[in-house]
Amino acid sequence: MSTGKPPVIQIRRVTKSYGHGDAVVHALRGPDGPDGTPHGVDLDVAEGDYVAVMGSSGSGKSTLMNILGCLDVPTAGRYLLDGTDVGHLDEGQLALVRNRKIGFVFQSFNLVPRTTALAQVELPLAYAGVRAAERRRRAMAALTLVGLADRAGHKPNQLSGGQQQRVAVARALVTAPAMLLADEPTGNLDSRSTEEVLGLIDGLNARGRTVVMITHEDEVARHAKRVVRLVDGAIVSDVRQTPVDAPPPALAAEVVA
Ligand SMILES: Nc1ncnc2c1ncn2[C@@H]1O[C@H](COP(=O)(O)OP(=O)(O)OP(=O)(O)O)[C@@H](O)[C@H]1O
Ligand SMILES: [Mg+2]
């Protein structure tokens with residue numbers, strides 16, 4: 001790895017199954033092992049990488065993301081996050097890891113209804129025990145970064161879709177997490193809002209954040225440094241578009257232009 005550091009994400013032989021017996025679904029299974037049983041998924045992600053996860057509906061993208069984000073645990077296999085085996089952590093410790101290390105952006109925004117943009121962005125800081133004045137200062141800084149300082153007092157129903165998604169990005173980055181996980185962050189957006197949100201994510205990666213982003217769209221995947229494709233719960237291709245330590249492709253293109 002060019003950074004010389006161990007990968008921030010290491011998953012080894014991870015499987016995830018739902019249900020039992022005839023009704024079992026192997027949402028993540030990896031390639032078949034020599035005896036025909038699932039080998040599980042192996043994946044390393046270096047610090048500073050920008051990975052797009054693609055695959056058709058039901059291929060296991062969200063399942064993988066939920067495991068990476070410590071929102072769900074594998075049926076089998078190991079997940080080392082920053083060198084820590086998260087399989088050994090209890091619920092409280094997992095919640096702490098989520099709060100400290102990971103920012104999430106969900107397809108459906110997941111904003112709290114009837115709550116101002118500023119209060120939404122303050123929430124993860126409240127969970128982290130940050131005091132009110134500092135919370136407000138950092139939440140305003142995050143909203144400023146996403147270009148929404150002038151909408152701080154607006155509730156979700158008073159914001160456009162793109163603005164709501166930018167509030168969700170601000171909420172994901174307000175704790176300064178090392179890793180940003182985004183499940184179709186532009187799935188509900190028009191092309192202009194898509195560009196805005198991708199520009200933000202590109203900028204976060206350029207400043208060193210590791211990004212893993214699910215998408216269905218080739219245009220969105222072009223922003224990533226690496227594209228991983230899933231079919232039926234297994235990684236079938238893993239293509240590097242740009243080196244980990246280079247700027248993300250869209251920003252590099254701007255510099256040239
Ligand atoms: N809680 C659950 N119980 C049973 N099966 C599940 C559960 N969650 C997911 N699955 C199944 O696991 C498989 C993978 O689902 P997953 O949500 O990871 O797909 P996805 O690639 O994110 O698809 P999409 O693009 O539609 O979001 C699917 O076949 C789905 O039906
Ligand atoms: Mg999904």
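Just one of G21, G36, G48 is surrounded by fewer than 19 Cβ atoms within 10 Å (Cβ to Cβ) and away from ligand 1 (no atom under 16 Å from the Cβ); which is it? Outline the logic, then answer.
Values: G21 fails: away from ligand 1 (no atom under 16 Å from the Cβ); G48 fails: surrounded by fewer than 19 Cβ atoms within 10 Å (Cβ to Cβ).
Step by step, each of G21, G36, G48 is checked, and only G36 is surrounded by fewer than 19 Cβ atoms within 10 Å (Cβ to Cβ) and away from ligand 1 (no atom under 16 Å from the Cβ).
If the requirement is being small (G, A, S) and either within 16 Å of ligand 2 (Cβ to nearest atom) or farther than 30 Å from A133 by Cα (or both), which of these qualifies: A119, A46?
Numbers: A119 fails: either within 16 Å of ligand 2 (Cβ to nearest atom) or farther than 30 Å from A133 by Cα (or both).
Of A119, A46, the one residue that is small (G, A, S) and either within 16 Å of ligand 2 (Cβ to nearest atom) or farther than 30 Å from A133 by Cα (or both) is A46.
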Next on the checklist: I need a count of the residues in region 84-103 that are outside any strand (DSSP E or B) and over 22 Å from H39 (Cα atoms).
Outcome noted: 13
Checklist outcome for this item: Of (1) touching a residue at least 40 places away in the same chain (Cβ under 8 Å); (2) of a type in the set (D, E, K, R); (3) surrounded by fewer than 18 Cβ atoms within 10 Å (Cβ to Cβ), K101 satisfies every one except (3)
Checklist entry - Could you list, in sequence order, the residues of region 107-123 that are surrounded by 18 or more Cβ atoms within 10 Å (Cβ to Cβ) and in contact with a Leu (Cβ under 9 Å, 6 or more places away or on another chain)? => result L111, A117, L118, Q120, V121
Checklist entry - Pairs, please: C-beta under 6 Å, at least 6 apart or cross-chain, first residue more than 17 Å from S57 (Cα to Cα) and in region 16-30, second surrounded by 10 or more Cβ atoms within 10 Å (Cβ to Cβ) and small (G, A, S)? => result V24/S17
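Just one of G36, G58, G77 is small (G, A, S) and in contact with a Lys or Arg (Cβ under 7 Å, 6 or more places away or on another chain); which is it?
Working: G36 fails: in contact with a Lys or Arg (Cβ under 7 Å, 6 or more places away or on another chain); G58 fails: in contact with a Lys or Arg (Cβ under 7 Å, 6 or more places away or on another chain).
Only one candidate qualifies: G77.
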Checklist entry - If you go through region 124-135 one residue at a time, do you hit one that is over 25 Å from T186 (Cβ atoms), surrounded by 20 or more Cβ atoms within 10 Å (Cβ to Cβ), charged (D, E, K, R) and out of contact with any Phe, Trp or Tyr (no Cβ under 9 Å at 6 or more places or on another chain)? => result yes
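For residues that are acidic (D, E) and part of a loop (DSSP other than H, G, I, E, B), scanning just region 207-257, find the one that is nearest to L189 (Cα to Cα). I'd like the intermediate steps shown before the answer.
Just the residues of region 207-257 that are acidic (D, E), to begin with: 217-219, 232, 238, 245, 254.
Checking the rest, the ones that are also part of a loop (DSSP other than H, G, I, E, B) come to 217, 232, 245.
Values: E217: 12, D232: 27, D245: 29 Å.
Among those residues, the one meeting the criterion is E217.
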Checklist outcome for this item: For region 173-193, the count of residues that are assigned to a loop (DSSP other than H, G, I, E, B) and more than 16 Å from V45 (Cβ to Cβ) equals 10
Next on the checklist: Can you find, within region 64-97, the residue that is surrounded by the most Cβ atoms within 10 Å (Cβ to Cβ) among those that are within 16 Å of ligand 2 (Cβ to nearest atom) and within 12 Å of the chain's Cα centre (by Cα)?
Outcome noted: L64
Checklist outcome for this item: (1) at pLDDT 95 or above; (2) more than 29 Å from A126 (Cα to Cα) all hold for E217 apart from (1)
Item to check | Output for region 1-28, where each listed residue is more than 18 Å from G87 (Cα to Cα) and part of a loop (DSSP other than H, G, I, E, B) | outcome: M1, S2, T3, G4, K5, P6, G19, H20, V24
Checklist entry - Name the residues in region 19-29 that are more than 23 Å from V211 (Cβ to Cβ) and modelled with pLDDT of 95 or more, would you? => result R29
Checklist outcome for this item: Flagged in region 37-79 as closer than 24 Å to P177 by Cβ, in contact (Cβ under 8 Å) with a residue 40 or more places away in the chain and part of a loop (DSSP other than H, G, I, E, B), in numbering order, are A46, E47, G48, D49, G60, G69, D72, P74
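Tally up the residues in region 169-188 that are free of Cβ contacts under 8 Å to residues at least 40 places away in the same chain, surrounded by 19 or more Cβ atoms within 10 Å (Cβ to Cβ) and more than 16 Å from ligand 2 (Cβ to nearest atom), please.
Restricting attention to region 169-188, the residues satisfying the condition of being free of Cβ contacts under 8 Å to residues at least 40 places away in the same chain are 176, 186.
Pick out the ones that are also surrounded by 19 or more Cβ atoms within 10 Å (Cβ to Cβ) and you get 186.
Still in the running and more than 16 Å from ligand 2 (Cβ to nearest atom): none.
The qualifying residues number 0.
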Next on the checklist: Looking at S193, S160, can you tell me which residue is touching a Gly at 6+ places or on another chain (Cβ under 7 Å), touching a residue at least 24 places away in the same chain (Cβ under 8 Å), farther than 30 Å from T15 by Cβ and not β-branched (V, I, T)?
Outcome noted: S193
Item to check | Where R166 falls short, out of the listed (1) touching a residue at least 60 places away in the same chain (Cβ under 8 Å); (2) assigned to a helix (DSSP H, G or I); (3) among the charged types (D, E, K, R) | outcome: (1)
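The values are calculated or read from the model by the stated rules, or taken from the named source; none is laboratory data. Bear in mind that the values here come from a model prediction, so they are computed numbers and not experimental data. Neighbour counts are summed over all protein chains in view; Cβ atoms, including those assigned to glycine, are modelled from backbone coordinates with ideal geometry.
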